[in-house]
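None of the figures in this text is laboratory data; all of them are computed from the coordinates on show. Computed from a predicted model, the values in this text were never measured in an experiment. For neighbour counting, all protein chains shown are included, and Cβ atoms are generated from backbone atoms with ideal geometry for every residue, glycine included.
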Amino acid sequence: MLPGSSAWRRGHRVRENGPLISAFTVNHTVVTLRRLFTRAKLWGARFDHEPKWSKHLLKLPTERVRELSDDEANRLDAAMRDDYAPFFAFAQTTGWRLNECFLCWSEVNWSTGQITKLGKGDRRITLKITPSIREILWPLRGQHPKFVFTYVCRRGEQGRMMKGARYPITYAGLESYWRRVRRRAGVTGFRFHDYRHDFATKLLRHSRNLRLVQKALHHASIKTTERYAHVLASEVAEAMEAVSKSRNRSRRHLREVS
């Protein structure tokens, strides 16, 4: 398996012992390499055996867009521990990816009213501290000197953790807790990442502005955001109905005139 082939790239993992990278990530690598070859040829380079790039592009699965029902949201809220609730509230309010939700206080600037940190692809992302976000974060001040979101240890481990003390919420700890809270709430088929889909769907339904949703989700390409365009189907139906009614009025007017 040659380095640079799609199969070779597909064998990489998101993190050590984590899931394999997605077909989208593989295709992103292929497209980036193709652009590098194109630029090199503009500079005079010649390649005797340039890869046939289309053969290395993987078929992308149709990604589902899962929306949380009011009943599911209520059940999750009822099953949620108070110390974990602010983390989930932040994810729901911002639509940020899981890794982006692990905030440090150094990333929260109360003076400027902004949160700034590195997001996916090491791109700098900025978020205005709205009244809703302030309501989530302000009570957490003083709980930990570095990390924003913490949990209360319920069972101490000798020499490591003390019962009743606060510790930062970790990726592994969050995944474990998320499985338990879903089970208690009786919510199935809903991943943590679906909070992001839920946020985008509701934001688009409210704003009817795909560009605004793109900016909120920090998508580099509008094509990625277009997966939520189905939300605007009602707008299309309303417009079609308006056109049909307009034509019917015109026909009736012509009959009356004649």
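For this structure, a couple of remarks:
- Label selected from (i) -0.92, -1.42; (ii) -0.85, -1.20; (iii) -0.83, -1.36, the criterion being log10 I(q)/I(0) by the Debye sum over Cα atoms at q = 0.12, 0.17 Å⁻¹ as computed here: (i)
- Sparse packing (at most 12 other Cβ atoms within 10 Å of the Cβ) combined with a DSSP loop state is found for the following GluC sites (Glu not before Pro) in segment 24-109: Glu63.
- GNM result for the chain, Cα springs below 10 Å: residue of Ser246, Ser69, Ser221 fluctuating most strongly: Ser246
- Phi-based couplings in Hz for segment 132-148 (Karplus 6.51, -1.76, 1.60; Gly and Pro marked x): 5, 5, 4, 4, 6, 8, 4, x, 8, 4, x, 6, 8, x, 10, 9, 6
- Taking every C-alpha pair closer than 8 Å and separated by at least 6 residues, the mean separation divided by the residue count of the chain gives a relative contact order of 17 percent.
- Just checking the listed ones, Ala91, Ala216, Ala237: in the Gaussian network model of the chain with Cα springs under 10 Å, the one fluctuating most is Ala237.
- Exposed-loop-free span, longest in the chain, where chymotrypsin sites (Phe, Trp or Tyr not before Pro) count as exposed if DSSP calls them loop and at most 11 other C-beta atoms lie within 10 Å: 48-258
- Taking the convex hull of Cα positions in segment 144-219, its mean projected area over all directions (nm²): 7.6 nm²
- The chain: most fluctuating residue of Met80, Met162, Met240 per GNM, C-alpha cutoff 10 Å: Met240
- Within the chain, longest stretch free of exposed trypsin sites (Lys or Arg not before Pro) [DSSP loop, at most 11 other beta carbons within 10 Å]: 164-258
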